[in-house]
Every structure is written in C-alpha cells, then in structure tokens.
Amino acid sequence: MTLSTQEHNPRELYYPEMAEITAIKQYTELEKWYEITLPGGRDLEHQPGQFAIFSLFGIGEAAISICSAPSKKGAFDICVRKVGMLTEKLHQLEIGQKIGVRGPFGTGFPVADFKGKDILIIGGGIGIVPLRSLINHVIDNRDDFGRLVILYGAKNPQELLFPDELQKWNDDPRIEYQVTVDQGSPEWQGNTGVITTLIPGLDLDLDNTIAAIVGPPIMYKFVLMALKSKRLPDENIYMSLERRMKCGVGKCGHCQINDSYVCLDGPVYHFPDIKNLPEAI
C-alpha cells in the first residue's frame, strides 16, 4: 500500500527536513546521482514510483523521483537532470552539504499486487530513474515475482544512465535485459532504433504480465499501441505521468489534469483509470 498525503501530519507536508548528501556520481553532462541521508539515518519509507520535494533555501523547491528501492536502509537515492535554476544549483553541491526534503508523496507501483506476476519494465530516457526503484525492489525480492524483463531506450549511448547496473542486469541470468538507442555511434554494438522496436519480439504470458512504463510523453502513445498489438490487457498496464508538480499536496493545481491531481492520484496510474482522461497521455 502506498502512502497518501493524508497520512502525513501537517508539519511533514509543508516543512522540509534537512538531509545530508553522502555520495555523488556524475553519469552524463546533465544527470547526477545523489545518495541522501536523513537525520539519524532514518528511512524515507517510500514505495517504488513515489517522489519527494527537495529544496534549497533562497532558490526554491522541485519534485524529484526516488530511484532507490525501499530495501535500501539508512539512505535513499535520487538522480537529477540539470534543467533549471534549482537543479543547476543542486549540481553544484558537494558531499556533506545539506538539502531540504519533504515527502514521500504520490502513489507508487502497487508492488504487493504484482507478486507472482511477470514484470515488464519499459523505460525511455530519464524514465529509467523512477523505474530503477521498482527494478531493484523486484531484484531484492526475486522469489516473489516471475520473469523480469527490462527494455531501456535512450537517444544515444552517452545518455544511458546507471552503466554499472546496466551491465549487472545484462549479466544476470534471472533478468531479460534489452537496450536500444535512437542514434548509435561508431563504438555502439547494440540495437539502434526507438524502444518500440524491442516489443514485437517479446514472448509474453499475457494474463500474467504487468507492464510498468515511464518515459517522455511522446513515448507513451507508441508503446501503448505496441502493447495493444501484443494483446496485453489494459488492466495489466501501469504508467507514471510527468507533470510540473510544485506543492506535492494537491494545493497549487500546477499538476492538475481535469479533476485528477498528479501529485495525489499519481504519478503512478493504473492505465484503465486514465486512458479516457483528456490530456493525460
């Protein structure tokens, strides 16, 4: 069961808690990974797919997905793309410096309902970040799930994130991992093409496969069409929507889609709940 905003007390909703940056990795020109430690090494107690609000005083706040599994104790991970003033300042921080944290917020993947199922992960670009939490949850609880199939696509080889983990996924006989890039390089030996080119060749147990999809908005339409051609039921599809979330608690309205607030009802949605919601996909 995921945490809801109503389960937080008001102070947790609105007041950041100061946390320490305990590790940093630079993955690409725009993406950095951070390990964050709360006071006393307390766990964030998130679910895969949830997010938190991070703040730098005098600069602002931003919603960022948690990319570590709940099974990681004493700290949690985020991966930040440098796209604005706050994230640019965040990229300048060093180990030992502090950052404000509120959350976790939103809905995550209902992992308890996924037990016994085959899990199909489809991640495009930075969409692999929130999916990393789900992937690591499945790996850490491997006996609770069936097949783990990971499809990952990026624009080019230089934009692939978590390279050490990608190699482990590729080498793990319990994981069926495929990667593709839109545009290769002279050194690239893998598949070249959009991520939907990986779907037709999949042999899926349609009644027992759960698909978790996260990526850029343009990707969803074509991935859903490809899964429909495989006859995967809509009820077996979950997806995370990206919107400009500000408050995290359903007050500001920045993330509203008709009567749905992505920060409360999402970011993870069951596809049947949003397939007829205008502007959702």
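Please treat every number below as a calculation from the coordinates, not as lab data. The structure displayed is predicted, hence computed values, not measured ones. Every residue, glycine as well, gets a Cβ built from its backbone with ideal geometry; the counts of neighbours run over all protein chains shown.
Below are the figures for this structure:
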quantity	calculated
Cut-off 12 Å between beta-carbons: net charge of the residues surrounding residue 143, Lys and Arg +1, Asp and Glu -1	+1
Which of 240, 55 has the fewest Cβ neighbours within 10 Å, and the rest in rising order	55, 240
Exposure proxy ranking, count of Cβ atoms within 10 Å, fewest first, for 177, 220	177, 220
Listed residues 166, 137, 101: farthest to the positive end of the dipole of the chain (Cβ charges)	101
Pairwise Lys count, segment 111-240 - Cα closer than 26 Å, eight or more residues apart or different chains	12
Antiparallel bridges, percent of DSSP beta bridges restricted to the chain (to nearest 5)	55
Length-normalised contact order for segment 111-240 - Cα pairs under 8 Å, 6+ apart - percent	29
Within the chain, helix-based [θ] at 222 nm, where runs of 4 or more DSSP H residues each add -39,500 (n - 2.57), nearest 500	-5500 deg cm²/dmol
Ascending count of other beta-carbon atoms within 10 Å, so fewest first, for 259, 205, 77	259, 205, 77
Added length on full extension, which subtracts the Cα-Cα distance from 0.36 nm per residue, residue 218 to residue 277	19.6 nm
Positive-end residue of 57, 37, 181, charge dipole of the chain with Cβ unit charges	57
